[in-house]
Structures are given as C-alpha cells and as structure tokens.
1. Report the paramagnetic label zone for residue 118: residues of region 27-68 whose backbone N is under 18 Å from a point 7 Å from Cα along the Cα-to-Cβ axis.
2. Note down the nm distance, to one decimal, between modelled labels 7 Å out along Cα→Cβ at residue 196 and at residue 83.
3. Between region 175-209 and region 309-361, how far is it from one alpha carbon centroid to the other, in angstrom?
4. Would you kindly state how much longer the chain becomes between residue 328 and residue 68 on full extension, computed as 0.36 nm times their sequence separation minus their alpha carbon distance, in nm to one decimal?
5. State log₁₀ I(q)/I(0) for region 314-361 at q = 0.21, 0.23, 0.32 Å⁻¹ as given by the Debye formula over alpha-carbon point scatterers of equal weight, solvent excluded.
6. Applying a 10 Å radius around every beta-carbon, put 317-330, 219-232, 27-40, 46-59 in order of their mean neighbour count, most first.
7. Work out how much length residue 346 to residue 97 would gain on full extension: take 0.36 nm times their residue separation and subtract the Cα-Cα distance, in nm to one decimal.
8. Give me the Debye-computed log₁₀ of I(q)/I(0) at q = 0.06, 0.14 Å⁻¹ for the chain, equal point scatterers on Cα only, no solvent, two decimals.
Amino acid sequence: MADKIGISTHKAWALEHYKGMENLLMPSFSPDFSHLDEQGIRLDVKNSIRHGFFSVMATPVGLSSDEENLQFIKTVCSTAKGSIMAGVMVAHRNLDADLEMIRLSEEFRATHLFIWPAYSLAGVTDVDEAYAIYLERIKATRLPVVLYANFTCFKNLGYGLALFHRLADLPNVVAIKLTQPMNLSLAFHVCQTLGDRLLIGPVNLDFVPILAKYCGVQWSGQWNVEAVQTPDHPYAVELMRHLNKGRMNEAMAAFRSLEPALAAFYELQAPLIKKGGHPWAHMKYFQWCGGGNGGLIRETDPLKGKVPILDDTGRAAIRQAYQKAGINVEKAVDASFPTGRAAFSRGIAPDGMVLPSFYKP
C-alpha cells in the first residue's frame, strides 16, 4: 500500500499508525457471571499498554446482551483513550444491530472497526450480494475498517478473493486480518492480490518475517498475543518493531525466543478455529499469566464438550510453554485466576463459584 499513489486519508492514517501488535481483549465477569467486572476490564487494557501493544480489539465473547456489549466497549474505549488504540467488532446477527454498534462505537471514540457480517453472509453465493452486505455497514462509518480473511466461510477461494478485491478499493477499508489456520502460499497470494490497497495482518507469526520482507507486512493482531510474551518479555512486540525498522537479524532473534510458546499456542487453538470455536478459558489463563485480570467466562462456546478442559494439566502446559520461551511464570496456586485479579483484590475468593464445564480447579 505504501507504493500506491493518491491513497485515501484513512489508508494514509493506517500506514502511519496501524503498526505493531494488536491484542484481542476479552470481557471480565463477576464471579457469579451476573454482570461485567469493569475494574477487571480496565486492568486488562492497562496491561495491554504495559505489553507495548499498539491496539486492543474488544471481543464480545460470553456477553449476554447488546447492553452488556456496549458497557464492555465503553469501558475499553474510555480506559484506552490517549494511551492505546481501541477497535470494536461489528458482527451482530442483523444490519440494524450492526449499524447501532457502529454509531455507538463512534460515540465512544473507538479508533477503528472490525467488520465481519458472518450471519448475514450465511448462504450468500453471489459476490455482488455479499459486497452489498458489507457496503451497508462500511459506508455507515467514518472510522477505518479492518476485514477478516477467513476463506472457510465462503463457498470457494475465488469468491472470497473477488469480494475482498472490491472491498479493498473503498477509501476507509485499511487492513485485512488473515486467519490462523491458513497456509503460507495462500497468505502470500492474498498479499499479492490486496497488498497494494490494504495492510495485511497475518495471525500466524511463522509467516510474518517472510511476508514483511516481500510484502511489507507491518502488523499482526486481533489474537491472543499474550500467549507468546509478557510485559517483561515483549517478544512479539519486539519482532514487529524490528521488522518495521528493517532489522531482520534482530527480528529473527525475537522470533526464536517466542517460537516455543507460539508452537504450543498454535497446536492448542488452530484445530478449534477450523471447527468454529476457541479455547477461551485457556486464553484467559495466558492473559492472567502475563499480569492480566484472568477470570472465567460464561459457558457459551458452540463446541461445548469438544474444547479441552482447563485443568491442572492444561495450566501446567501453558506455564511450561512460557518457560520454554525463557519466561518464568509462578504457579501461585492459581488463587486469583477463577475470579480474576480485580475481584480477588477486592476480597472475593473462588470458594463457592459455580464453575463452567471447561474449567477444573
């Protein structure tokens, strides 16, 4: 995109500011799951700043209502203001809900939107129709827009590329995230097709040094970056910073440091993404290990019963992955994890919590 003459104001903004690592930020709940824990959410935003991330993406996993989602986004945006960028996911079940989310995201001063109308796209086989579904949402905002290249949701690769090829020409569409279980050849093809107009964000850090060298990749994110680094060992942030400065040797040193943790995270998550789910409890535990709030989420995953249980073996494996990357994470009896650090600091213990099926003390 840097070589394109006469790029839009939004795309020029993205070239300058959408750079580095963007973390996925999940809600925190009260120990009885009856409401959000705003103190825990604010703790996670501040911890993302400590990590050195350029942005957080508010991800509405486990939320029970539009009102709760708005409370979550407002808390994230107000805490992030002036210190870190804050993106919002627009992925409701209908157009009216998406348009209201867009309006309120602007009101709350979000910096950008991640638009993924998956429910509206279900069963759509015509590129023109799919483009119109996106356009209704994209033209409704003044904010920069990020797309999601998950080609398993389309009938074929050609259909998905044709759609994104048209969307890339819109002036406020600035970037596209490449899903984790995507092979390198396809990722390179996407870069060659769309990289003159969009900033490409591969989730799989294995691809980032190669794509940065040949396609100018300058960001990765909207995933659990906390799984491969801590604020004291910001490997992924260092990787992207060195690549953006053209320092390949230093970048590869950072990659070698994080690679053991990255391999463990990929092995855990990639198979579940292909099935439509995420190991949310594990992701929360990664977050907690790096100083984040942690805490359990509501049991809402569509793969209930198929996602690995976060038991003592699972927690030990996560700590071991950090240790292989040279990061020491104390077990600390995991005392504050189930409730979250914020609630634990208020004197709330996990005793008596009704635990979801995907967690075992």
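The values are calculated or read from the model by the stated rules, or taken from the named source; none is laboratory data. These numbers were taken from a predicted model, which means no experiment stands behind them. Every residue, glycine among them, receives a Cβ derived from its backbone with ideal geometry; neighbour counts consider all protein chains shown. Just so you know, the surface numbers come from the protein's heavy atoms only, side chains and all, with ligands and any DNA or RNA stripped out. Shrake-Rupley method; radii C 1.70, N 1.55, O 1.52, S 1.80 Å.
1. Counting backbone N atoms under 18 Å from the label point, the list is 27, 57-66.
2. Rounded to a tenth, the inter-label distance reads 4.2 nm.
3. Between the Cα centre of region 175-209 and that of region 309-361, the gap is 33 Å.
4. On the way: separation 260, 0.36 × 260 = 93.60 nm, distance 3.56 nm.
That pair, residue 328 and residue 68, stretches by 90.0 nm at full extension.
5. -0.82, -0.91, -1.15
6. 219-232, 46-59, 27-40, 317-330
7. Values: separation 249, 0.36 × 249 = 89.64 nm, distance 3.53 nm.
Extending this stretch completely gives an extra 86.1 nm.
8. One equal scatterer on each Cα of the chain leads to -0.20, -1.21.
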